[in-house]
Structure formats: C-alpha cells, structure tokens
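S.K.: I'd like to ask you about the structure that follows.
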C-alpha cells in the first residue's frame, strides 16, 4: 500500500534526486525514448535515463498534478540556473511528455494546480487527450488557478472549458485573481463554478487588491446551499460579495489583509473565524462573537489589539461571555493583560493556543510581568495539547519562569529559540515532569546552540523548526 501513496504526489518532495522521473518514461516507445535521451544529452542533464522495466505502471498512481512543482523540478533537472540560457524547448518537451503519459496511462486526479507562465507551453495534443480521457479529471476535488501569462490565455481558456464539462465534483476552488489577466477568461471561470455539483470551499486571492470581479463572485449564488468555507485574501470590497449573505451553510470565514466590510456579510453563526491584518472594525467582530456564541470553535485574530483601548477590552470580554467552547485560539500581537489571562482561564476546552505577547506598559515592573507569566502558566487548561508562545524581548526573557510553573500536559510547545542556559535547563526539567511532551518547535532552529546543550535537550524531546510544528486555524 505504501508504494501507491508515495507516488500520488512525487513532485512535491523537496529532497531526493530525479530517478523517479525515469520510471515514468519506461513505457515509452523506442522513438520517444530516443528523442528523450537526445534532448537530455544535448542539455547535459543531471539524470542518467535508464528505461528498465518497472514493477508497476507508476503514472496510474498520480493524484496531484501541480504544474508549478513540475516546472520547478524540471528546471532543476536541466540545471537551468547554471546555464546562460533557459532550455525552454527541452523543458517543455519533457513536461508535455509527462502530461501525456499521465493522461493516457489511466491516472485519475484529485488535485490540479494550474500554473502557466510564459515559459511553459502545453501542446494542443494535451487538450485533445483530455477530451478523449475524461476520467483523468472526472474525480477532481481541488482546483487552483494560479499564474496565467498572456501568451497562455488560449491554453487556459481551453483547459477551463474542458474542466467545466468533465470535472463537476470539485469541492475546493482557489483563484489567484488579478483583474488585468483573468478578465480575459472570466466567463470560463464562472462556468466552472456553476457546473459544480457541490462546491464547499472558495479561496479568492486578490493579489493586487482587486475590487472588480466581473461576476465571478456572483456565480457563487449557484453554490449557496453547499458552500461551507470562504477565504478572501488581499481584496478590496465589492458589492458582489453581498451574495455570501445567502450562503446559510457557511461556517468558516477567513480574511487576510482585506477591507473590514467583508465581515458585515456574516449574518449567521460560524464555527471558525480568521482575521489577519489591520483590524479597524472591532464592533463588528464583537457582534460576530456574540452571534456565534457557543458554536464558535476556532478563532484567529492576528492584528494589533491593545487592551488599554476600550474597544479591544470589549473583544476579550465578548470572548469570555459568549464563546466558552473555543478549542483553537490564536492572538497575534496582543498586550499581555489580566483580561487576556481571564479569557484563557475561561476556555476549558482549549486544545491549541498561539500567543504573541507585548509588554509595553512602562508603569508596570519586571516583577509584575513575572507574576503574570506565572499566572498564565498555572491557568492553562488540562485539555491544552499545543502552545505556540512568542513575544517581545521582555516576555521572552521570562520563558524559563513559564516553563518552571507550567502544568499543562502539552504534546507540542513552540518557542522562539534556545539561546539561554536558563531556558535550556527549564525546558529539560519541564520535559521530565511532562512525559506527554514529544516535540519542541524553534523559530531559530539553526541558532548556534552549543552542541552539548542540543544533545542534552534531545534526550528528552525532539527539536524541530517551528514551521514544521505549526497548527493552522
């Protein structure tokens, strides 16, 4: 069973060589093998192409076709960075050959990432084969439409029309939207949306603060009974988004660096709310918290919330009063206040917690900060499994105090670094007390920690870069 799984998305592996690519070409005819060898030898490729007979037809196992990853891997194969020119023709020959093999040999995709820069050219033969082998895309569940160069508009249009016709089971759709490009085939995107049986997730990445969507958002009216999750990134407000008010099954809403007007479309309860970027409309957030109440399970607010401001205190009070069932909480850049500790103390079902704390009140002493750190460590709920704990210099200097007083049975702890002997010692003692801890994520994983310290810590707990341990909302 492990062999098919490994071959579902082989181009995503960052490590390893290129030998797996040669296995794909083992079923080629002699003329194609000869042409491929000639192409690789001409460009002095890094791979020794041997067409030995394989145990499996590996192309059939493919489930993820990410054109960005394939383009990147083939560039590396041709070692394009070390050449004075990019061997575009040779790269396209190999990419089209792979694409053809995947289609003809019976692969059925779950995920497709469209990436069509100027350098990548799909032959008309590929689109003909898609029409003749519709099983290749008939079970597609995830579609991402990324970069499409002007020179590839025709290819993108042909592909989208084929997808609208044969790929009607898509559950998640991501559009890297840019109004000066996608408007050239917006009607085809609309048709893809309308042709889906049950679209559940939509991700609109505005990139350049797009505000005109040419009916693409309005097309979501056709999915109002199935849409469950919306993610909007780098977009300006458009009245088209009013259509989201009709999506009564929507329970997950995420906005990244967007106009706060987007929050006003939420006139119903949700279970997940994620806001990243400047937050100027605190009153609307409070209304959403109050309206969602017991249903809200996951909350991420990565914006500047200063608890000395009355409105920000109201956010924390609303959380404490209306949302006791939260299991995931992420506060980025928030003042380390007694109100915040009270909120966390009230969340007795909390499993995942991320805090980036500030200590800016010059009227409070270092001793008062230490008392607050101890208080936080002692009130963490016994349900807590993951804690990502960052902060400014004053907060980080008290990390050893936190570790010495923490009793929560954490499985994963993520901190800034292990650059202090006191923190190293406290972490070791915490690991001895808390046998559930199996991993510590470090932002500065490659910081010059003394080898003996690292060896001593790793006797008790595994160390990883924090990017590998992060839990998303």
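S.K.: Does residue 317 fit the bill of being touching a helix residue (DSSP H, G or I) at 6+ places or on another chain (Cβ under 8 Å), farther than 25 Å from residue 414 by Cβ and surrounded by fewer than 19 Cβ atoms within 10 Å (Cβ to Cβ)?
M.R.: So residue 317 passes the test.
S.K.: All but one of (1) crowded, with 21+ Cβ neighbours inside 10 Å; (2) in contact with a helix residue (DSSP H, G or I) (Cβ under 7 Å, 6 or more places away or on another chain); (3) modelled with pLDDT of 95 or more; (4) more than 28 Å from residue 233 (Cα to Cα) hold for residue 359, so report the exception by its number.
M.R.: All conditions are met except number (3).
S.K.: Give the residues of region 364-395 that are part of a helix (DSSP H, G or I) and under 16 Å from residue 430 (Cβ atoms), sorted by residue number.
M.R.: Scanning region 364-395 gives 373, 374, 376, 377, 378.
S.K.: Out of all the residues in region 30-38, is one or more surrounded by 19 or more Cβ atoms within 10 Å (Cβ to Cβ), at pLDDT below 75, out of contact with any strand residue (DSSP E or B) (no Cβ under 8 Å at 6 or more places or on another chain) and in a helix (DSSP H, G or I)?
M.R.: Checking region 30-38: at least one residue is surrounded by 19 or more Cβ atoms within 10 Å (Cβ to Cβ), at pLDDT below 75, out of contact with any strand residue (DSSP E or B) (no Cβ under 8 Å at 6 or more places or on another chain) and in a helix (DSSP H, G or I).
S.K.: Additional query: Only one of 91, 49, 1 is at pLDDT below 70 and touching a helix residue (DSSP H, G or I) at 6+ places or on another chain (Cβ under 8 Å); which?
M.R.: Of the residues listed, the single one that is at pLDDT below 70 and touching a helix residue (DSSP H, G or I) at 6+ places or on another chain (Cβ under 8 Å) is 49.
S.K.: Applying the selection to region 327-339, what residues are buried (at least 21 other Cβ atoms within 10 Å of the Cβ) and not in a strand (DSSP E or B)?
M.R.: Correct list: 336, 337.
S.K.: Related question: On the basis of being at pLDDT 75 or above, under 32 Å from the mean Cα position of the chain (by Cα) and assigned to a helix (DSSP H, G or I), does residue 70 make the cut?
M.R.: Yes: the conditions hold for residue 70.
S.K.: Further question: Against the conditions (1) surrounded by 20 or more Cβ atoms within 10 Å (Cβ to Cβ); (2) modelled with pLDDT under 95; (3) more than 26 Å from residue 63 (Cβ to Cβ), where does residue 220 fall short? Just the number, please.
M.R.: (2)
S.K.: Can you spot a residue in region 214-235 that is under 24 Å from the mean Cα position of the chain (by Cα) and within 24 Å of residue 151 (Cα to Cα)?
M.R.: yes
S.K.: Scan region 119-146 residue by residue and report those that are in contact with a helix residue (DSSP H, G or I) (Cβ under 8 Å, 6 or more places away or on another chain) and not in a helix (DSSP H, G or I).
M.R.: Those that are in contact with a helix residue (DSSP H, G or I) (Cβ under 8 Å, 6 or more places away or on another chain) and not in a helix (DSSP H, G or I): 119, 120, 121, 122, 123, 133, 134, 140, 143, 145, 146.
S.K.: Going through region 455-473 one residue at a time, which ones are in a helix (DSSP H, G or I) and surrounded by fewer than 14 Cβ atoms within 10 Å (Cβ to Cβ)?
M.R.: 455, 467, 468
The values are calculated or read from the model by the stated rules, or taken from the named source; none is laboratory data. If you're wondering where the values come from, they're calculated on a predicted model, not measured in any experiment. Cβ coordinates were reconstructed from backbone atoms using ideal geometry, including for glycine residues, and neighbour counts include every protein chain displayed.
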